[in-house]
1. How big is segment 65-165 on each of its three principal axes, counting only the C-alpha atoms and giving the largest first in Å?
2. Of the beta bridges DSSP finds with both residues in segment 58-184, what % are antiparallel, to the nearest 5?
3. Past the 22 angstrom mark, what percentage of all C-alpha to C-alpha distances in segment 1-153 do you count?
4. Determine the percent antiparallel among the DSSP beta bridges restricted to the chain, to the nearest 5.
5. Taking 8 Å as the Cα distance limit and 6 or more residues as the minimum spacing, I'd like the relative contact order of segment 2-73 as a percentage.
6. Taking K and R as +1 and D and E as -1, what net charge do the other residues with C-beta under 13 Å from the C-beta of Gly241 add up to?
7. So, for segment 43-187, what is the accessible surface per residue at a probe of 1.4 Å, expressed in square angstrom?
8. Have a look at Gly336, Gly141, Thr70 and report the one farthest towards the positive end of the charge dipole of the chain, computed about the Cα centre with Cβ charges (Lys/Arg +1, Asp/Glu -1).
Amino acid sequence: SYAEDADANAALFSEADLTITGDGSLTVSGNGNDGITSEDDLVILSGTITVDAVDAGLRGKDALAIEGGTVTVTAGGDGLTSDNAEEATRGYIYLTGGSVTVTAGDDGFAAATDVIETGGTIDVTSTGKGLKGGALVLLEGADVAVRATDDAVHSNGQVSVNLGTATLASGDDGIHADGAIFIDGGSTTVASSVEGVESVAITVNAGDLAVTSSDDGINATAGTVDGGSEQDDGSLLTVNGGMITVNAGSDGIDSNGSATITGGALRVVSAGGGGTSALDINGALTVGGGWVAATVSGSAGDVITVTDSAGTEVLRYTATGSFGSVAFADGVFTDGGTYTVTTSSGSSATVTEGVNAAEMMGGPGRP
């Protein structure tokens, strides 16, 4: 145990930089507070490290870097944390290799500034947020699995996904950023969430993004518009490439501002009833490259097919949940062509490519 004002308050504590390396193993029990703490930089290069702590498992105040080894952390507080919020170049977590498994009573990774990973594997189970950065969360090569009661990936600034594979399960948002979200590559699966991907500015340029949500799948919002209002809040969703698949319990893609879709491929299915829709845009919707939208309904397992005016099947998709409308954007659709959207349960609609049917946009006042 430690006094409330104790300086050294971890089982393994250093006021200077602390580096752990070698082929051996280290087991640490933080019975009073933290497991391993450095007041400066904490660096793990190799070895087998097992930590069980009543508060934080690993704490590098200025920086926490893991370049190799096998690290297993069970913590009553944050699993891994770097909490220097006074210096803009400090307070970050950096993973370049190794294997990290965290079970946390609060956040899995919690950095005052950045969480950056470029390699290795991450497996987080947390009752708070999974990966949390005050400025940036950058996913760039690691294999990431997160199960979080709160947001799976959260940043007070920006989230960027460039490489790697991420599988996220959340009791709130799958990916949330107060500033902006950029998806430029990799494979990201939001397996379960309330809202799948949420920020004031969301840009998808490349990669695979699959979202399952109980509420909106992808939600561009500034958080300034009251529920039910159709006011444009200035938020923006931009899709320039990649493959996006959304199965939503409410709107599939919802922008409280505008949306621009210039490339890539989309498969969007929204819930049935309640004024939900595959595309719900308060401001301007600009779509290029071929798209169709239709009000059709069905259940999980239903096969949705799109055929052209000659009866040739051009697209097939299997729904993973019940739905009331669908939207598809893909280069297979020709400009101004006529298409029939049919479900295996018997619902069908004939639509024209590029025509934004009023019923797709929901209730009164929507364009």
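1. 29, 28, 21
2. Restricted to segment 58-184, the bridges split so that about 0 percent are antiparallel.
3. Values: 3399 of 11628 pairs.
It works out to 29 percent of all Cα pairs.
4. 15 percent
5. 30 percent.
6. It works out to a net charge of -3.
7. Per-residue value: 31 Å².
8. Value: Gly336.
The values are calculated or read from the model by the stated rules, or taken from the named source; none is laboratory data. Bear in mind the structure is a predicted one, so any value in this text is a computation, not a measurement. Cβ atoms come from the backbone with ideal geometry, glycine included; neighbour counts cover every protein chain shown. The area values use the complete protein model at the heavy-atom level, side chains included, leaving out ligands, DNA and RNA. Shrake-Rupley method; radii C 1.70, N 1.55, O 1.52, S 1.80 Å.
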